[in-house]
1. If you take each beta carbon of peptide B:137-150 and count the beta carbons of other chains within 10 angstrom, what is the mean?
2. Among the trypsin sites (Lys or Arg not before Pro) in chain A, which ones are in a DSSP loop with at most 11 other Cβ atoms within 10 Å of the Cβ? Mind listing them?
3. Once the piece of chain linking B:Leu155 and B:Leu74 is laid out straight, how much longer is it, given 0.36 nm per residue of separation minus the C-alpha distance between them?
4. Starting from the range B:1-102, pick out the trypsin sites (Lys or Arg not before Pro) whose DSSP state is loop and whose Cβ has at most 10 other Cβ atoms within 10 Å.
5. Work out how much length B:Arg24 to B:Ala11 would gain on full extension: take 0.36 nm times their residue separation and subtract the Cα-Cα distance, in nm to one decimal.
6. Between the DSSP loop rule and a limit of at most 15 other Cβ atoms within 10 Å, which GluC sites (Glu not before Pro) in the range A:1-79 are left?
7. On C-alpha positions alone, give me the angle between the axis of helix A:62-95 and the longest principal axis of chain A, in degrees, nearest 10.
8. For B:Val146 and B:Ala63, calculate 0.36 nm times their separation in residues minus their Cα-Cα distance, and state this gained length in nm to one decimal.
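Read the figures in this text as sums done on the coordinates, not as results from a lab. Here the structure is a predicted model, which is why all the values come from computation and not from measurement. Please note: Cβ atoms are built from the backbone with ideal geometry, for glycine as well, and neighbour counts cover all protein chains shown.
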Amino acid sequence: VNEITTPDAVQMVAAALFAVGIFGVLSRRNLLIVLMSVELMLNGANLSLVGFARERAHEVGAADAGQVMVLMAMAVAAAEVAVGLSIVIALFRHARSVDVDSPRAALLRG
Amino acid sequence: VTSFLTLLVGALIVAAGLVTVTRRNPIHAALSMLVALGGIGLLFLGLRSPFLAAMQVLLYGGAIMVLFTFVIMLLTLHDDEMGPEPPANVKMLGAAGSFGVLAIVWHALSTRGGGTHFRMPHVPWGPAEAYGTAEHFARFLYTDYVVAFELVTVLVMAGVAGVIALARRPGSETLEGTKLAGHAEPEPAPHAAPEVHP
């Protein structure tokens, strides 16, 4: 039998936050907001990992893997935001706009 | 953490997230995102991860959001510099895409464990100092995960180098008088068009 159960509340919140981030990435054209949406998605994934780590807190090794992975994801996110925001500034200098669909944004290159 | 409290904070987080992705003014979006990030820090506390909660506040609420607000204030965007709002069908498409992903994740979460008699495992809490604290992190971060830790430091260094490369003024080939290797080719002047804004 394929018994369907309700997901844990933390995982529901994480999935909803991830979906909100996807909506922002897909529907916005302001590069700053797109970056923020990516951060929201990352936070949803982090929340999911911490939730699963709590579920497996009784297993030695499993919970630590989840928690350390979240810490690594935070460090990577910090580096990503620094590079992403300097790309925003480069785009603004280049195209006088932070619209990712502006015609001059297509000319932005290395 | 009780389910009800989680859902209450979760509703706040998702609402703040929705405000973040729908505001036109980027500073409003950044501030409501700060609310969402703080809510996630609260959930981390509820999940017995105090060190991660502290890192969430320090790294996300502190460093990353300050960087965002700094860039927003540096650019001081006018309305015409943010581009037009995307048409309604693009928004509908975005909503459809996000609901699709939500449905997939929901299905995966609902049927995990082979889809048979899944139940939330009862978590016997050990002493609080044995899980999610700074001491706990230090022990695992500098033994089992030391390679990942060092790789992250390399990544951050690469990020610093990338930011410096991006932040150079177009056309300036030197950094404090020294020629940068590998950047000898002069870039085309990007501001050939007359400046619209003072």
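1. 3
2. Those that pass, being in a loop and sparsely packed, are A:Arg109.
3. 26.6 nm
4. In loop regions of the range B:1-102 (DSSP not H, G, I, E or B), there are no sparsely surrounded trypsin sites (Lys or Arg not before Pro).
5. 2.5 nm
6. Qualifying residues, ordered by number: A:Glu3, A:Glu59.
7. Its long axis makes an angle of about 10 degrees.
8. Here the segment from B:Val146 to B:Ala63 would lengthen by 27.5 nm.
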